[in-house]
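The values are calculated or read from the model by the stated rules, or taken from the named source; none is laboratory data. These figures come from a predicted structure and were not determined experimentally. Note that we place each Cβ from the backbone using ideal geometry, even for glycine, and neighbour counts take in every protein chain shown. Just the protein is used for accessible areas: all its heavy atoms, side chains included, with ligands, DNA and RNA removed. Shrake-Rupley method; radii C 1.70, N 1.55, O 1.52, S 1.80 Å.
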Amino acid sequence: MLTRIARGVLASNVTALLKKPPPHGLGSTSPSAAIHTSEHRRVNKNRTSESTALVLHSFENVENKGKETFLDILRQYKNNNIIRRGHVEFIKVALKYMDEFEVNRDLAVYKAILDVLPKSKFIPTNYFQTVFMHYPMQQRVAVELLCKMEDNCVIPDAEMQLMLLNIFGVQGLPLKKFWRMMYWMPKFANLHPWPCPKPIPKDPEVLAKLAIDKLSSEDVTTVITVYKTKDVEDATEDTWIVSSISGAQQQLLQSQPTDKPIYVEGPYSVWVANQCIDYFVLRGDARKREEVYQDLDDVSDIRIPFWDKREVIPNPTVHEQDDGTYFAMCATGTSSKDSLLSWIRCLQKQNPILDIIPVVFKISSSTRNQLYLENSMREQEIMRSYEYP
């Protein structure tokens, strides 16, 4: 009896379900059309991989490489790849191209890259996931992003902390890296002895002034002067010269023997932020120092020094080094011999002794050829590096 009743109830329920109208949004779609088959998933996967590859290529093929273009590529990836397939590889490529797009010091761009990661998916839910590093590739790529921020002196803010909390949770390695950065970076942010303005200037003359100021900061009496070669007679180039010389160096130049030559040497390199500047020095031979040994513990010959007449030997200046005496330094727009000859002529106006002292130019050739790969080879290497075995 109970079995018959159960059969009747089930039959009535099935009949009612068959008579119900289809759910809203399906319309007259057949049940088989609403089922996601494996073929359907494979087609979606191919489309997603194609869109991801196009976005990766767009970093290289774009013409106007700037902040807005970089953000447009990020937005294109987010809109075309809703499930964010291949987000680790995309973030790695984006980090590589940040220097080329000149957005490596922009905090908003780092936030936009971090926003590519899905939210709340990588948060560990138990003890074992926390111990064994839940989603290690995603955590490592986030740490790489924070390390790049640290290398470029970009201090994160509270909004980035909230983003990391929503992505990896409190126990994630990126959040621990964030806390270490927030502890140390504000302490060292303003301790640089030669601060560089932000954004970094692109004018070579301004960078040369910063470089010469950095090199000559040991002597506070140093005067930095900018010369124009067009104001020099018989000059063959039209460029600028940033020169530095102090009063102590001028006195050393006045006491230089006229029968001994001095040398213009270079180019040497100095870094101003991420820019390398070449500079030259005006150097003479090292001067001999009379070192008199005196044993302060020897009491066999105690003399009263009040009535002794002795010559006072001044201490050597900071410009008198073991490898030579440095009289001046400069940086020119072309780093050529003609511009250095114009520099010596400009120094002769304030130091007439340079008309008598022979000046020898010892300039080494600079071969800084830019090494690069062709676009096709670079694209192939990028795609090959992210292929899974």
> When we measure straight from the Cα of Lys92, which lysines land under 28 angstrom away, once same-chain ones fewer than 8 places off are left out?
Replying inline: Lys45, Lys65, Lys67, Lys78, Lys111, Lys119, Lys121, Lys148, Lys176, Lys177, Lys198, Lys202
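What is the ratio of the Cα radius of gyration of region 49-189 to 2.2 N^0.38 Å, with N the residue count, to two decimals?
On the way: Rg = 15.2 Å, N = 141, 2.2 N^0.38 = 14.4 Å.
Scaled against compact globular proteins, the figure is 1.05.
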> In Å, what Rg and Dmax follow from the Cα atoms of region 189-281?
Replying inline: 15.5, 50
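What is the sum of charges around Lys362, taking Lys and Arg as +1, Asp and Glu as -1, for the other residues whose C-beta is under 10 Å from the C-beta of Lys362?
Taking every Cβ under 10 Å from that of Lys362, the sum is 0.
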> Can you give the accessible area of Asp115 in Å² (nearest 10), computed on protein heavy atoms with a 1.4 Å probe?
Replying inline: 50
> Can you list the lysines whose alpha carbon sits under 18 Å from that of Lys337, skipping same-chain ones fewer than 8 residues off?
Replying inline: Lys228, Lys230, Lys362
> Under 22 Å from the Cα of Lys288, which lysines turn up, not counting those fewer than eight places away in the same chain?
Replying inline: Lys260
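Where Lys and Arg each count +1 and Asp and Glu each count -1, what net charge lies around Gly266 among other residues with Cβ under 11 Å from its Cβ?
Numbers: positive: Arg283, Lys337, Lys362; negative: Glu265, Asp278.
That sum, taken over residues with Cβ under 11 Å, equals +1.
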> What accessible area, in Å² to the nearest ten, does a 1.4 Å probe give for Thr258?
Replying inline: 70
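What net charge do the residues around Leu145 carry, taking every other residue with its C-beta under 15 Å from that of Leu145, with Lys and Arg at +1 and Asp and Glu at -1? Walk me through the numbers before you get to the answer.
Values: positive: Lys92, Lys96, Arg105, Lys111, Arg140, Lys148, Lys176, Lys177, Arg180; negative: Glu89, Asp99, Asp106, Asp115, Glu144, Glu150, Asp151, Asp157, Glu159.
Local net charge: 0.
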> How much solvent-accessible surface does Ile113 expose, in Å² to the nearest 10, with a 1.4 Å probe and all protein chains in place?
Replying inline: 0
> Going out from 0 in 5 Å bins, what whole percent of all Cα-Cα distances in region 128-192 drops into each bin?
Replying inline: 3, 17, 29, 23, 14, 7, 4, 1, 0
